[in-house]
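The values are calculated or read from the model by the stated rules, or taken from the named source; none is laboratory data. A quick note: this is a predicted structure, and the numbers were derived from the prediction, not measured. Here the Cβ positions follow ideal geometry from the backbone for every residue, glycine too, while neighbour counts run over all protein chains shown. Please note that ligands, DNA and RNA were not included when accessible areas were found on the heavy atoms of the full protein model with its side chains. Shrake-Rupley method; radii C 1.70, N 1.55, O 1.52, S 1.80 Å.
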Amino acid sequence: MSRFKAVIFDLDGVITDTARYHYLAWKRLADSQGVHFDEEANEHLKGIDRMGSLDLILAGAKRQYTPEEKLALAHDKNEHYKELISSMSPADLLPGAVQALDACRAAGLKIGLASVSKNAFSVLDSLGIRDKFDYVVDAATIARGKPDPEIFLKAARELGVAPEECLGVEDAVAGVASIKSAGMFALGIGDPAILAQADVVIPGLQHFQLNAY
Ligand code: B16
Ligand code: MG
């Protein structure tokens, strides 16, 4: 028995490792603009939406960009990213991801997905797991990205479950903050020193144990 009625998962970094592809696409863009960008800087972009990520990268640029230029750069990055993820398959599921989803289903819990990625539906299809979710938030309908609680609250509302009965699963600092300000229990995936705000942190979903939280 679990004390939760729903589990709401993040996608990138929790179910599959698209962070690498985001990094490669942002790196090419940063290089083209003469802006320094490395894997450490990329850590700060995790869970941050596309335009927010671009603003963080361009903060290191020598000049100002017009809104039109920014849209064009974000578009180019996304085209490159889509090219990179086009060959994804079920082999790109992180260890334990399917087992965790199936354990939630077997326990009778609702399952939601709260990704700010506008590519989330196509990634789910490539991974072959779209039908494992009762509700997937459409990132295009979200006004405020993580760390705002909006996306997790929307998932809970659509699943018909009160926030305090939801378990949120996240790999990003901004994502954990989003879960906590939504009033949910936060399971962090990664390093406890980085995800200090999470209630519990595990290294990956292969360590997911629903009844332990
Ligand atoms: P897109 P998540 C986030 O997904 C990523 O962590 C973040 O790096 C990315 O910039 C964001 O999605 C937007 O993605 O450009 O595809 O719309 O972690 O919320 O699943
Ligand atoms: Mg993530």
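Just so you know, in the range 79-122 the residues that are within 14 Å of ligand 1 (Cβ to nearest atom), part of a loop (DSSP other than H, G, I, E, B) and not small (Gly, Ala, Ser) include one that is surrounded by the most Cβ atoms within 10 Å (Cβ to Cβ), and it is Val116.
Only one of the listed residues (Thr66, Thr16) is at pLDDT 95 or above and within 16 Å of ligand 2 (Cβ to nearest atom). That residue is Thr16.
If the condition is being small (Gly, Ala, Ser), within 9 Å of ligand 1 (Cβ to nearest atom) and open to solvent by 10 Å² or more (accessible area, probe 1.4 Å), then the range 5-36 contributes Gly13, Ala19. Being assigned by TED's automatic domain parsing to the domain that holds Gly108 and farther than 17 Å from Leu109 by Cα holds for only one residue in Asp134, Asp148, and it is Asp148.
The condition of being in contact with a Leu (Cβ under 7 Å, 6 or more places away or on another chain) and in contact (Cβ under 8 Å) with a residue 24 or more places away in the chain holds for only one of Leu56, Leu24, that being Leu24. Taking each residue of the range 178-197 that is closer than 18 Å to Ala97 by Cα and looking for partners that are in a helix (DSSP H, G or I) and not acidic (Asp, Glu) with beta-carbon atoms closer than 7 Å, six or more apart or interchain, yields Ala186/Val176; Ala186/Ile179; Ala186/Lys180; Gly188/Val176; Ile189/Leu205.
For the range 154-171, a tally of residues being surrounded by fewer than 24 Cβ atoms within 10 Å (Cβ to Cβ), in a helix (DSSP H, G or I) and in contact (Cβ under 8 Å) with a residue 60 or more places away in the chain returns 2. The condition (being open to solvent by 60 Å² or more (accessible area, probe 1.4 Å) and within 12 Å of ligand 1 (Cβ to nearest atom)) is satisfied by just one residue among Ala174, Ala140: Ala140.
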